[in-house]
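This report concerns only the one structure given below.
The values are calculated or read from the model by the stated rules, or taken from the named source; none is laboratory data. From a predicted model like this one, the values you see are computed outputs, not experimental measurements. Positions of Cβ are backbone-derived with ideal geometry, glycine not excepted, and every protein chain shown enters the neighbour counts. With ligands, DNA and RNA removed, areas are computed over all heavy atoms of the protein, side chains included. Shrake-Rupley method; radii C 1.70, N 1.55, O 1.52, S 1.80 Å.
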Amino acid sequence: MTTPRSSQLSRRVAAPIPACAGVGLRSAHHGDALAGPVPVGWLEVHSENYFGAGGPPLRYLETLRDALPISLHGVGLSLGSTDPLDSEHLRQLKHLIGRVEPGLVSEHLSWSSQGGRYLNDLLPLPYTEATLLHLCDRLNRVQDFLGRTLLIENPAGYLQYREADYSESGFLNELARRSGCGILLDVNNLYVSSHNLHWNAADYLAELDGERVGELHLAGHALRTIDTASLLLDTHAGPVAASVWQLFRQVLQRFGRRPTLIEWDADLPAWPVLLNEAAKADELLETNDACIA
């Protein structure tokens, strides 16, 4: 007798994300990933792309989930907004989590909605005590509803509020301590923010609670000149810059191995190019282990 698919799904156990390199899977690479063994440790997808009730994307994801651990990375919860939490969004996310049983689930330290209207951006928050209380309340409710701990990602910074009670790293530490969430450290975002906002990345890493860091992201950025000032943009549209690889080395020396994702979302390269970026990350992860040993 054949076991119903729903029963199979209900018994599926979340596969932990290994402390090696993974890649962000986009629809253009579904065929490549399904064509044969994928030489990476895991895959990450944007949760909202799989909110449908069925169809090819979910079938592809479930097939790949049988071969590799999957991480879900959200962009639409708008945790920092003062709008009510979107109950339909949460319902669909919970259903997807139950269907895929991801090893990790993550979201952003940002807001993107006002008065029920959504902006196609991840907007910054003031790092104040009031913001912290607001975020902890919302994050606790989300984690309770989903039955999962979320990792919260540091944003790419282009401006900062004059009023602040915490540095960004201190804010993330306190958010994790009070809510029980983890931290997703986007190394490219840290590099972009440090350049644009004149932060010291070494000080940021020294303050950040490494015990809470559950995942790392690497991505490409672009340089733009506005008047006489240079601005870095977090584009996810190219290879990881040499300067970000160097910062990644510092992160590994500070925190040790963590699951590390290559994000490439625009101007997508050929599949082997993306896999080669992951291989570079794996080489540094292994080199760091050798140095520690």
Task: segment 175-204: number of residues that are assigned to a helix (DSSP H, G or I) and within 16 Å of His236 (Cβ to Cβ) - done: 7
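What number of residues within segment 236-276 are part of a loop (DSSP other than H, G, I, E, B) and under 21 Å from Glu207 (Cα atoms)? Don't jump to the end; show me each part of the working.
Of segment 236-276, the ones part of a loop (DSSP other than H, G, I, E, B) are 236-241, 256-259, 264-270.
Still in the running and under 21 Å from Glu207 (Cα atoms): 256-259.
Residues meeting the conditions: 4.
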Task: Odd one out for Glu283 among (1) assigned to a helix (DSSP H, G or I); (2) within 19 Å of the chain's Cα centre (by Cα); (3) within 21 Å of Pro18 (Cβ to Cβ) - done: (2)
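Within 30 Å of Gly36 (Cβ to Cβ) and at pLDDT 95 or above, is that true of Ala270?
Values: within 30 Å of Gly36 (Cβ to Cβ): yes; at pLDDT 95 or above: yes.
Yes.
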Task: Failed item in (1) in a loop (DSSP other than H, G, I, E, B); (2) open to solvent by less than 70 Å² (accessible area, probe 1.4 Å); (3) in contact (Cβ under 8 Å) with a residue 24 or more places away in the chain, with Leu96 passing the rest - done: (1)
Task: Leading residue by the ranking (most open to solvent (accessible area, probe 1.4 Å)) among those in segment 205-227 that are in a helix (DSSP H, G or I) and within 27 Å of His46 (Cα to Cα) - done: Glu211
Open item on the list: Tell me the residue from Arg117, Arg141 that is touching a residue at least 40 places away in the same chain (Cβ under 8 Å), of a type in the set (Lys, Arg) and surrounded by fewer than 21 Cβ atoms within 10 Å (Cβ to Cβ), please.
Closed with: Arg141
- [ ] Look through Gly98, Gly80 and report the one residue that is among the small types (Gly, Ala, Ser) and touching a Phe, Trp or Tyr at 6+ places or on another chain (Cβ under 9 Å).
- [x] Gly80
Open item on the list: Only one of Arg12, Arg5 is open to solvent by less than 40 Å² (accessible area, probe 1.4 Å) and modelled with pLDDT under 95. Can you tell me which?
Closed with: Arg12
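Filter segment 99-114 for residues that are part of a strand (DSSP E or B) and open to solvent by 30 Å² or more (accessible area, probe 1.4 Å) and give the result.
Let us first name the residues in segment 99-114 that are part of a strand (DSSP E or B), namely 104-108, 111-114.
Residues satisfying the conditions are Leu104, Trp111, Gln114.
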Task: Enumeration of residues in segment 102-136 that are touching a helix residue (DSSP H, G or I) at 6+ places or on another chain (Cβ under 8 Å) and more than 23 Å from Asp186 (Cα to Cα) - done: none
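Kindly indicate which of Gly76, Gly52, Gly80 is open to solvent by 20 Å² or more (accessible area, probe 1.4 Å), in a loop (DSSP other than H, G, I, E, B) and either under 28 Å from Ser193 (Cα atoms) or modelled with pLDDT under 95 (or both). Before the answer, list the steps.
Numbers: Gly76 fails: open to solvent by 20 Å² or more (accessible area, probe 1.4 Å); Gly80 fails: open to solvent by 20 Å² or more (accessible area, probe 1.4 Å).
None of the others qualify; the one that does is Gly52.
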TODO: For segment 115-167, enumerate the residues that are within 23 Å of Arg91 (Cβ to Cβ) and either modelled with pLDDT under 95 or in a loop (DSSP other than H, G, I, E, B) (or both).
DONE: Gly115, Gly116, Arg117, Tyr118, Leu119, Asn120, Leu122, Gly147, Arg148, Thr149, Leu150
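Could you check segment 228-239 and list, in sequence order, the residues that are over 25 Å from Arg26 (Cα atoms) and open to solvent by 50 Å² or more (accessible area, probe 1.4 Å)? Walk me through it before giving the result.
First, the residues of segment 228-239 that are over 25 Å from Arg26 (Cα atoms): 228-231.
Across segment 228-239, the qualifying residues are Thr228, Ala229, Ser230.
Would you please name the residue that is modelled with the lowest pLDDT, looking only at residues in segment 15-40 that are part of a loop (DSSP other than H, G, I, E, B), open to solvent by 10 Å² or more (accessible area, probe 1.4 Å) and within 24 Å of Leu93 (Cβ to Cβ)?
Ala15
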